[in-house]
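For reference, the structure is listed below as structure tokens.
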Amino acid sequence: MPHTPEQTSEASLGLKRGDLVLDTATGRVGEVMDNRWNRYQLRPLGGGREWHANPLNLVSPRMNGPRCPECRRIKSAYYAASHDGDREAAARWTTEMGLHQRAAHP
């Protein structure tokens, strides 16, 4: 019996909704929105049109080794806002991480 798109046989990277990743194919940083059809759906930092990314092209901060203190501070604030259900604050911290990543980790 053929697989439906939702029944993927590919192993997941273990990324969760809200995780920040770098799509090495496009050079864009995005927020994970979903994982279907052997692809991750990513949204640009601060919002915008989502795009599909091959999991083989994604690099997460967890895979890059230890985060700098500012990355840890921003990520902690993002998770606190997400946990509290404050979507506006979470979006601001997502944008802040993108700006920080571009400035400090080119």
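Structural remarks
- Site pair GLU70 and ARG87 shows an inter-label distance of 2.9 nm when each label is modelled 7 Å from Cα along Cα→Cβ.
- Carbon and sulfur %, accessible surface of region 19-59 computed with the full protein complex present, 1.4 Å: 46 percent
- Taking 0.36 nm per residue of separation and subtracting the Cα-Cα distance, full extension of the segment from ALA77 to TRP37 would add 11.3 nm.
- Shape call, region 19-59: gyration tensor on alpha carbons, a/c limit 1.5: oblate
- Sequence-ordered 3J(HN,Hα) estimates for region 37-46 from the Karplus curve with 6.51, -1.76 and 1.60 and θ = phi - 60° stand at 6, 6, 9, 9, 9, 10, 10, x, 4, x Hz, glycine and proline given as x.
- Remark: region 72-77, residue by residue, has Karplus-estimated 3J(HN,Hα) of 4, 5, 5, 4, 4, 5 Hz, where x stands for each Gly or Pro and the curve is 6.51 cos²θ - 1.76 cosθ + 1.60 at θ = phi - 60°.
- Per-residue extension of 0.36 nm, minus the Cα-Cα distance of THR24 and HIS105, leaves a gain of 27.7 nm for this segment.
The values are calculated or read from the model by the stated rules, or taken from the named source; none is laboratory data. The shown structure was predicted, so the numbers you read here are calculated from the model rather than taken from an experiment. So basically every Cβ, Gly included, is an ideal-geometry build from the backbone, and we count neighbours across all protein chains shown. Calculation scope for accessible area: heavy atoms of the full protein, side chains included, ligands and nucleic acids excluded. Shrake-Rupley method; radii C 1.70, N 1.55, O 1.52, S 1.80 Å.
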